[in-house]
Every structure is written in C-alpha cells, then in structure tokens.
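S.K.: For reference, the structure I am asking about is given below.
The values are calculated or read from the model by the stated rules, or taken from the named source; none is laboratory data. Computed from a predicted structure; not experimentally measured. A quick note on method: Cβ atoms are made from the backbone with ideal geometry, for glycine too, and the neighbour counts reach across all protein chains shown. Note: areas computed on protein heavy atoms with side chains; ligands, DNA, RNA excluded. Shrake-Rupley method; radii C 1.70, N 1.55, O 1.52, S 1.80 Å.
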Amino acid sequence: MSDALSDLLATRDWLLADGATGTNLFNMGLQSGDAPELWNADQPDKIRALYRGAVEAGSDLFLTNTFGGNASRLKLHNAEARVHELNRLGAELGREVADASGRKVIVAGSIGPTGEIMAPMGSLTHALAVEMFHEQAEGQKAGGADVLWVETISAPEEYKAAAEAAALAGMPWCGTMSFDTAGRTMMGLTSAAMVQMVDKLRHKPLAFGANCGVGASDLLRTVLGFVEAGASLPIIAKGNAGIPKYVHGHIHYDGTPELMADYAVLARDAGARIIGGCCGTMPVHLRAMREALETRAPGPRPDLETIKTRIGGFSSAVDGTEGDSGEAPARRGNRRRRDA
C-alpha cells in the first residue's frame with residue numbers, strides 16, 4: 001500500500017523534519033507543568049503557528065502536538081477522557097497547515113512514551129501499552145495524520161507495543177528511541193540491538209532512528225551504529241540543538257544555527273535519510289539546516305574525529321556496542337574509538 005511518506009522518500013535523497021515542540025511552545029507562553037496537548041483545543045492559533053514555523057523554515061515533515069497525549073500522561077491533568085479528541089485536533093490542525101503550504105508536507109502524529117515502567121519492573125503491561133497507543137493512533141488517524149511518529153522511547157517492550165498499536169490502526173509509522181546513557185537507552189538498548197529489534201517486527205516502521213538524547217555528536221555516533229549494524233530501513237536523525245544549560249532561570253540550548261547546519265550535513269553523510277532537530281531546535285536552526293543540505297555536496301561518511309572536530313565531543317567514551325572487555329575494536333571509520 002502506498003503512503004505519503006514512502007512516496008516522498010522515493011523521490012528525495014533526504015527529508016528535513018521539524019525541530020522542538022516544547023521549546024517553541026514555551027516561547028509562546030506554555031508554563032512548566034502544563035499539558036501542551038490541551039492547547040490543541042484551547043490555543044489552536046498557537047499550535048498552527050508552531051506547525052507553520054517548521055513548514056516556512058523548509059521542513060518536509062512536522063510532528064503534531066500530541067507527544068504526551070496518552071491516557072497515562074493526560075490523567076495527570078484530569079484529561080484522560082480526552083485522548084481521542086486532543087490527538088484528533090492536533091492532527092487536524094497539522095493537516096490544515098500542511099495542505100495550505102502549496103507543497104507536499106507530511107503530517108506525522110507524535111506518540112511519546114506512556115511515562116510508566118513496563119512489567120515486570122513496573123505496572124505497565126503490554127496489553128495496556130498497546131491500548132493506550134492505539135487510542136492515540138485512532139485519534140490522529142481521524143484527524144488526517146499521514147504517518148504515526150513514535151519517539152523518545154527507552155524500553156524495547158514499549159516500542160513493540162507501539163508497533164502493534166500502529167498495526168491495529170492500519171497506519172504506517174516511524175519510530176525513534178532516545179540514546180542518552182553512554183550510547184544506550186535508559187533501559188539499556190544499544191544502536192545495534194535496536195536494528196535487530198526493528199528487523200524482527202511484524203509491522204515494521206517506514207523509518208527508524210534516534211532522537212533527543214544528550215547532544216548532536218552523541219546522536220551522530222548512534223546513527224553510525226545503525227549503519228554499521230546493517231540497517232536496511234531509512235534512518236532518522238533528530239538531535240538536540242546542543243547541550244542544555246541553565247541560564248537566568250531558564251533552560252537554554254547552546255547549539256547555534258551554524259552548528260545545526262553542520263550536524264544536518266554530517267547526519268546525511270553518516271547515512272540518515274530523515275534529518276531534523278529535537279530539544280532547543282527552532283525555525284532559525286531549521287532554515288540553516290535546509291540551506292546546508294541543499295547547498296553542500298555529499299561527502300564521505302564521517303568518522304568520530306570529524307564529528308568531534310565539527311560539532312563537539314561526546315558525553316561518554318563508548319557508545320554501548322563495545323565488546324565485554326570494554327576495548328573498542330578497529331571498525332570502519334574507527335567509529336568506536338574512545339573519544340570523550
């Protein structure tokens with residue numbers, strides 16, 4: 001079955017995704033502790049502005065304001081009965097902006113983690129996770145999303161539940177995990193293990209990859225890990241705009257548009273097909289990324305030294321895929337060298 005994202009990928013070497021949702025909404029007045037998804041109903045013009053900011057900066061794909069729109073997270077705001085409504089509205093507003101853009105723009109329905117711990121360590125069962133993700137998916141499908149976009153997942157069990165939910169909804173999907181603990185997800189998954197997991201899924205994503213995490217350098221190291229593990233599906237790279245710092249009472253990401261432009265080109269050369277930003281990434285960053293991707297010729301796959309020199313060092317000496325001895329074998333591009 002044909003789908004909008006696959007059709008676009010078939011005609012392009014790379015696609016530019018969007019940037020941050022939270023950072024941009026905080027700049028519009030969202031307060032810490034508020035549920036951004038409630039703005040789909042209460043502040044629709046601001047959500048339209050969020051989406052238009054990405055589209056006007058050159059994004060080919062943007063995520064809906066539905067990241068925390070599952071029953072578990074919305075229950076914290078007494079809005080668990082509004083899952084379908086808020087997800088539908090988030091997608092409808094996105095469809096409106098995309099259709100008015102005058103070009104093909106993909107509306108990706110954002111689905112973040114439930115916020116619960118999977119059994120047996122926690123109380124979240126596979127069936128309940130599937131149910132929560134499916135409820136989100138059906139709302140986004142009703143609102144006109146082109147594809148579901150599962151993101152910032154740490155547990156492989158939750159990733160698999162989201163895949164099952166997408167299948168139940170009859171929707172194509174993409175899925176990224178966050179590698180933020182020495183090259184591993186919070187639940188210990190490595191880039192190589194993710195490739196193996198994705199290959200075994202019955203309802204495979206159209207593309208998979210990494211988002212958020214620590215910084216852009218670490219994320220690029222993870223992308224190289226996907227490639228080296230033999231990834232067969234298109235790879236997604238959605239890195240943060242630098243490192244968060246507490247400045248004058250606010251969290252500020254130190255990544256400049258110039259740094260994110262370098263990151264975008266390095267991500268493309270490393271093997272990513274869908275490239276965007278995560279926390280701290282604003283339209284000014286996206287414009288620089290788009291220009292760099294359009295004007296800079298493709299180069300060789302970067303090694304760790306190139307990444308370190310261009311956009312900064314790594315947060316850990318290893319990426320999680322080293323041998324039990326902790327020593328990094330010589331591999332293509334010297335990817336696993338101990339750079340800190």
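S.K.: Could you please let me know if Arg88 is among the basic types (Lys, Arg), in contact with a strand residue (DSSP E or B) (Cβ under 7 Å, 6 or more places away or on another chain) and in a helix (DSSP H, G or I)?
M.R.: On the way: among the basic types (Lys, Arg): yes; in contact with a strand residue (DSSP E or B) (Cβ under 7 Å, 6 or more places away or on another chain): no; in a helix (DSSP H, G or I): yes.
Judged against the criteria, Arg88 is not a match.
S.K.: Then there's this: Please work out which one of (1) over 19 Å from Ser59 (Cβ atoms); (2) assigned to a helix (DSSP H, G or I) is the condition Pro113 fails and give its number.
M.R.: (2)
S.K.: Scan the range 1-38 residue by residue and report those that are over 24 Å from Pro172 (Cβ atoms) and touching a Lys or Arg at 6+ places or on another chain (Cβ under 6 Å).
M.R.: Met28
S.K.: For Asp319, work out the one condition from (1) within 21 Å of the chain's Cα centre (by Cα); (2) modelled with pLDDT of 95 or more; (3) surrounded by 22 or more Cβ atoms within 10 Å (Cβ to Cβ) it doesn't fulfil.
M.R.: Only one criterion in (1) within 21 Å of the chain's Cα centre (by Cα); (2) modelled with pLDDT of 95 or more; (3) surrounded by 22 or more Cβ atoms within 10 Å (Cβ to Cβ) is unmet by Asp319, namely (2).
S.K.: Look at the range 2-13 and say how many of its residues are open to solvent by 30 Å² or more (accessible area, probe 1.4 Å) and either assigned to a helix (DSSP H, G or I) or in contact (Cβ under 8 Å) with a residue 40 or more places away in the chain (or both). Outline the logic, then answer.
M.R.: Step one: filter the range 2-13 for residues open to solvent by 30 Å² or more (accessible area, probe 1.4 Å), giving 2, 6-7, 10-13.
From what's left, either assigned to a helix (DSSP H, G or I) or in contact (Cβ under 8 Å) with a residue 40 or more places away in the chain (or both): 6-7, 12-13.
Residues meeting the conditions: 4.
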